[in-house]
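*Asks:* I have a structure I would like to understand better, so I am pasting it below and will then ask my questions one at a time.
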Amino acid sequence: MKIGILQTGHPIKQVEDEMGEYADIFEHLLAGHNFTFCRYFVVDGIFPDSINDADGWLITGSKHGAYEALPWISKLEDFIRALHADDRPLVGVCFGHQIIAQALGGKVEKFDNGWAVGHQEYDFDDGTQMRLNAWHQDQVTTLPRGAKVNVTNAFCKNAGLVIGDNILTIQPHPEFNPRLLELLLDHRGPGVVPDALLKRAKAGLAQSNDSATYGQRIATFFENKAHHG
C-alpha cells in the first residue's frame, strides 16, 4: 500500500539534523507494515497531481494555523474534500487533524486556556487510555458534519475524530519521541510556551508513552482500508 505524506511544515533545524523531515519521522513510525511512501511538501506549494497518486494519505503537523489565509492551505482543503468524496483513507495529526476538520465544515481556533505541551493522557472511546506527546495551542472547537469524537481529555475535548469510514485524526503527536520533544522544549519552546509548561514537560521526558501503540492504530486503519476499500 502506498501512503502519500502531505507535509505541512518543516522541523526546526535541530530536529531535522538528527531525524530528518517530518515525512521521515512518520515513515519510521509506520515502518514494518509493507507500506511504500511518497511525500509532498505542500507547505512549499508542492502538491500531488491527483488523489490517485497514493492509496492512502497522511497530513502532518505544522507551525501554521489552519485559519491562516495562505494559498497552500486553501488548496489543501480542496484536496481533503476530494479525498473524502472519493472515500480515500486519510489520517491527520495535529495541524492535519485541524485542517481536515476545517475543510469539512468544522472550526479551528486558538484555545483560550493556552498550550498543551509534553505528555498528556487521552481517553479513547474504546475504553483505553494513552499517553501521547502534544504541542499545540489551536483546537478544533466545532465539529464537521458527521464527525465522531473518539479521543478526548479535560483540556482538549475534541482530541481525535472519526469522519465517515475513511478519515482518522488525532490532535497530539504519536510521531514525537522523547528526544524530539526534548529538542523542541530546548530550541522552540522558550519565549513561545510559558516557562512553567516547559518545565513540567521536561520533568516528564523520562516517562513512557504510547506512541508505538497509536502508530499501530494508524497502520491498522490504512491496512483495513486497503483490504476493504
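*Asks:* For segment 20-115, compute Rg over Rh where Rg is the Cα radius of gyration and Rh is the Kirkwood radius from the inverse mean 1/r over Cα pairs.
*Replies:* 0.96
*Asks:* Considering Cα pairs under 8 angstrom that are at least six residues apart, work out the relative contact order of segment 62-138 and quote it in whole percent.
*Replies:* After rounding, I find 25 percent.
*Asks:* Given springs between every Cα pair under 10 Å in a Gaussian network model of the chain, which of PRO71, PRO172, PRO89 has the largest fluctuation?
*Replies:* Of PRO71, PRO172, PRO89, the Gaussian network model singles out PRO71 as fluctuating most.
*Asks:* Using 1/(1 + (r/R0)^6) with R0 = 35 angstrom and r between the beta carbons of ASP112 and ASP186, what's the FRET efficiency to the nearest 0.05?
*Replies:* Details: r = 27 Å, r/R0 = 0.78.
Efficiency, rounded to the nearest 0.05: 0.80.
*Asks:* What number results when the radius of gyration of the chain, computed over Cα atoms, is divided by 2.2 N^0.38 Å?
*Replies:* 0.94
*Asks:* Which helices of the chain meet both criteria: a Cα extent of 20 Å or more along the helical axis and a mean Kyte-Doolittle score no lower than -0.5, with helices taken as whole DSSP H segments?
*Replies:* Span-like helices here: 71-85.
*Asks:* When ranked by the protection proxy of mean other Cβ atoms within 10 Å per residue, highest first, what sequence do the peptides 5-18, 122-135, 54-67 form?
*Replies:* 54-67, 5-18, 122-135
Coordinate-derived values only; no laboratory data. The model shown is predicted, which means the values in this text are computed figures rather than measured ones. Counting neighbours? That spans all protein chains shown, and the Cβs are built from the backbone with ideal geometry, glycine included.
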